[in-house]
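The values are calculated or read from the model by the stated rules, or taken from the named source; none is laboratory data. Just so it is clear, the model here is predicted, and its values are computed rather than measured. Using ideal geometry, Cβ is built from the backbone for each residue, glycine included, and neighbour counts are taken over all protein chains shown.
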Amino acid sequence: MGLKLLREPCNAEPPRQPLVSSYVTPVDLFYKRNHGPVPVVDDIERKLPKYNIVATLQCAGNRRTAMSKTKTVKDIGWDVAAIGNAVWGGAKLVDVLELVGIQKSTIMTPSGGKQVEFVSIDVCKEEHGGPYKASIPLYHATNPEADVLLAYEMNGERSGISTASFVAGVIGARSVKWLDSIKLIAEECKGFFMQRDYKMFPPSVNWDNINWSTRRPQMDFPVQARGFSSNISFLCAICSLEDVNVINSGKVRQPAFASHNVKVSGYAVSGDGRGIERIDISADGGKTWIEASRYQMAGTPYDADDIDSDKWAWVLFETHIDVSQSTEIVAKAVDSAGNVQPENVEVIWNLRGILNTSWHRFRILG
Ligand SMILES: Nc1nc2c(c(=O)[nH]1)N[C@H]1C(S)=C(S)[C@@H](COP(=O)(O)O)O[C@H]1N2
Ligand SMILES: [Mo]
């Protein structure tokens, strides 16, 4: 199963189950979010030392479709798979900046530079034909712990992103593909996707009363978990082939026996390198919970404090539950700062439809 193309210019999202079947997302299953046509770039010679960072990239609009059910939000409707985890290979921006005389942990340069701007070569209608661009604070770019890369490989492949700025731990919109130039500027980048998109507004703000300048560009993202059930093996486990056909045709028949053990799996991730402390699963709408087991490498339990854990990467989880009928499962995560997910999408509804981190609910057929 490959990516499902959602809309031109190329935007695509993989199906749910294959997404969490591997820790590192294969390039051909990685979601695509492009605001302009995909440019063709010649490979260029690269001379700086290379680092490999395992990290998750997620569009802040992931799960926007579910937010639209509360009240319509504009823009591309993602299910739960506008996210992927890859090995990003490239030079560290902190090293590159040192080459031009900017020391580690710099807040402002003597000439007043406070932001590092990444400018692409693609052409976006939102920028009136100009390039996609974004900026991050200079102290973030020069923080040796931050892992901001100039990435030219994805999972070991010279990737379709040419050289991209990859900013670990923040929303996907701040990583700029097909990089053309890097600039030191005094103020935040004025680009459309910094100033008039990817901002989080309160539920009271609508398209008639919005004042974009009242909110800052979203960078970090909150803790979240999304789960899936292995429906196919479940159906096979409980039904004869004839029953599967009945279910597929929409006339769901009661299964032959009372209770079934179903595998529930998924991913959890938090922003800014915060670890995943816990993943809770409920089969009764949130009255009772069980804890799922967590891993990054299959077979090795995840430990947020272990220095071998990938701090910027998602944590996969798995558990088994007994269900006797069609059931709604809930998944939610807690991060290492003790942050929890909001129960309902209504309280975090925002007109741009970003950061839908409400409890993830999904049905298991019975
Ligand atoms: N040049 C360029 N960079 C970009 C974008 C874009 O349209 N053009 N989209 C951004 C957004 S909103 C996201 S979520 C990620 C998606 O990266 P991917 O397509 O590699 O998954 O790229 C970001 N960087
Ligand atoms: Mo995005």
Residues in the stretch 69-88 that are in contact with a Gly (Cβ under 7 Å, 6 or more places away or on another chain) and part of a strand (DSSP E or B) total 1
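Let me confirm something: among THR72, THR106, which residue is free of Cβ contacts under 8 Å to residues at least 12 places away in the same chain and either in contact with a helix residue (DSSP H, G or I) (Cβ under 8 Å, 6 or more places away or on another chain) or closer than 30 Å to VAL345 by Cβ (or both)?
From the options THR72, THR106, the qualifying one is THR72.
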Just one of (1) crowded, with 21+ Cβ neighbours inside 10 Å; (2) assigned to a strand (DSSP E or B) trips up ALA313, so point out which.
-> (2)
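Yes or no, residue by residue, for (1) away from ligand 1 (no atom under 13 Å from the Cβ); (2) under 21 Å from ASP220 (Cβ atoms); (3) at pLDDT 95 or above; (4) not polar (S, T, N, Q):
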| residue | (1), (2), (3), (4) |
| --- | --- |
| GLU98 | yes, no, no, yes |
| THR109 | yes, no, yes, no |
| PHE118 | no, yes, yes, yes |
| ALA134 | no, yes, yes, yes |
| ASN143 | yes, yes, yes, no |
Selection within the stretch 338-366 - surrounded by 16 or more Cβ atoms within 10 Å (Cβ to Cβ) and not in a loop (DSSP other than H, G, I, E, B) | VAL340, ILE348, HIS360, ARG361, PHE362, ILE364
Any residue in the stretch 22-33 that's in the same structural domain as ARG63 (by TED's automatic domain parsing) and free of Cβ contacts under 8 Å to residues at least 60 places away in the same chain: show its pairings with residues that are part of a loop (DSSP other than H, G, I, E, B) and within 12 Å of ligand 1 (Cβ to nearest atom) at Cβ separation under 6 Å, as long as the two are six or more apart or on different chains.
-> LEU29/PRO14; TYR31/ALA82; LYS32/CYS10
